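A short worksheet on the structure shown next.
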Amino acid sequence: MGQLVVNGLALGSIYALVALGLLLIFNTVQIVNFAQGQLLMLGAFIGISGAVSHELPVAAAWALTMLAMALIGIVFMVLVYFPLRGRPPFLVILTTIAMGIVLENLALIIWGPLPVSLPSPVHGAPLRFAGIVISMHQLFIFATLAVILLLQFLMLTKTRFGILMQATAQDLHTARLVGIPVNRTIAVAFALGAVLSGIAGLLVAPIFLAEPTMGGSLGLKGFVVSVIGGFGNLPGAVIGGLFLGLIETFGARYISSNFRDAYAFIVMIAVLVAWPRGLFGEKSSEKV
């Protein structure tokens, strides 16, 4: 039982990181990026290229991956968001879905269809307590999620840039009129959102083998946990991610592993029926 809890929380932490990247973009431009999972996949493969193919130190591969993902996020914004800015939101959302398919196929061409693994950035003997084994990588996942949540919360609530992001989300045209650098703010949001997805990919690759199609399921579950927690609510997304990770792990163990991917949507529907605004309510005016 305890081991299932640890494994479920580690899996849920990955979902939460995907959701935090998705919400960072949403809280700025009010658009859901359904290619967030494919960005996660790119982060995993870029890290693998650095650490495995070119035999760089894992820390250097991580640093290069985050830099590359920031650049990819900006390119993604230029190709997907800017040409359709001001158009109906569903057009931008459909374009993110199409771009996700493009990224998957590019990954197939560049890295091939075979699954590959990435070394963990941390090593050491696992912790053992009352029959529960917690690997160093799982502890690293928990610590990474906690640090990112804290930094993102502080950035959005305590810094000038966070205020600019919220002002841009409230009214883009008014924000531009009062002198807010709207394009720069949006670019940083897309860059940071892609970096968070890249970090999630770097964290998941040592646990599960990376493959070009891995992003679709993880991206959708990042969206699901955002809805469960209350769309736009950062702590809610994290709690939703941890909750879903536990549900999937226990469901696979005691019900059936064949329906593992279905549990996310069953839980989402059940939550929306009981709490239409999510567990912690949708923050439509308070972009945190």
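The values are calculated or read from the model by the stated rules, or taken from the named source; none is laboratory data. Note that the structure is predicted; figures quoted are calculated from it, not measured. Cβ placement follows ideal geometry from the backbone for every residue including glycine, while neighbour counts extend to all protein chains displayed. Keep in mind that these areas ignore ligands, DNA and RNA; they rest on the heavy atoms of the full protein, side chains included. Shrake-Rupley method; radii C 1.70, N 1.55, O 1.52, S 1.80 Å.
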**Request:** Rounded to the nearest 0.05, what FRET efficiency do Gln3 and Ala262 give with R0 = 22 Å and r taken as the Cβ-Cβ distance? Could you check?
**Result:** 0.40
**Complete:** Kirkwood Rh for the stretch 1-79 from C-alpha pairs, in Å, is 14.2 Å
**Asked** If you take the beta carbon distance between Leu94 and Glu55 as r and set R0 to 41 Å, what does 1/(1 + (r/R0)^6) give as a FRET efficiency, to the nearest 0.05?
**Response** 0.50
**Asked** Projected area of the chain, taken from the Cα convex hull and averaged over every viewing direction, in nm²?
**Response** 15.4 nm²
**Prompt:** How much accessible area per residue does the chain have, in Å², with a 1.4 Å probe?
**Reply:** 45 Å²
**Prompt:** Mind checking which helices in the chain clear 20 Å along their axis (Cα) and have mean Kyte-Doolittle hydropathy of 0.5 or more, DSSP H runs only?
**Reply:** 2-29, 58-76, 89-111, 136-158, 182-204, 214-229, 234-254, 260-274
**Prompt:** In the chain, carbon and sulfur make up what percent of the accessible area (probe 1.4 Å)?
**Reply:** 71 percent
**Complete:** Note on the stretch 92-192: alpha-carbon gyration tensor, axes a ≥ b ≥ c; rule is a/c under 1.5 for rounded, else prolate if a/b larger than b/c, else oblate; result oblate
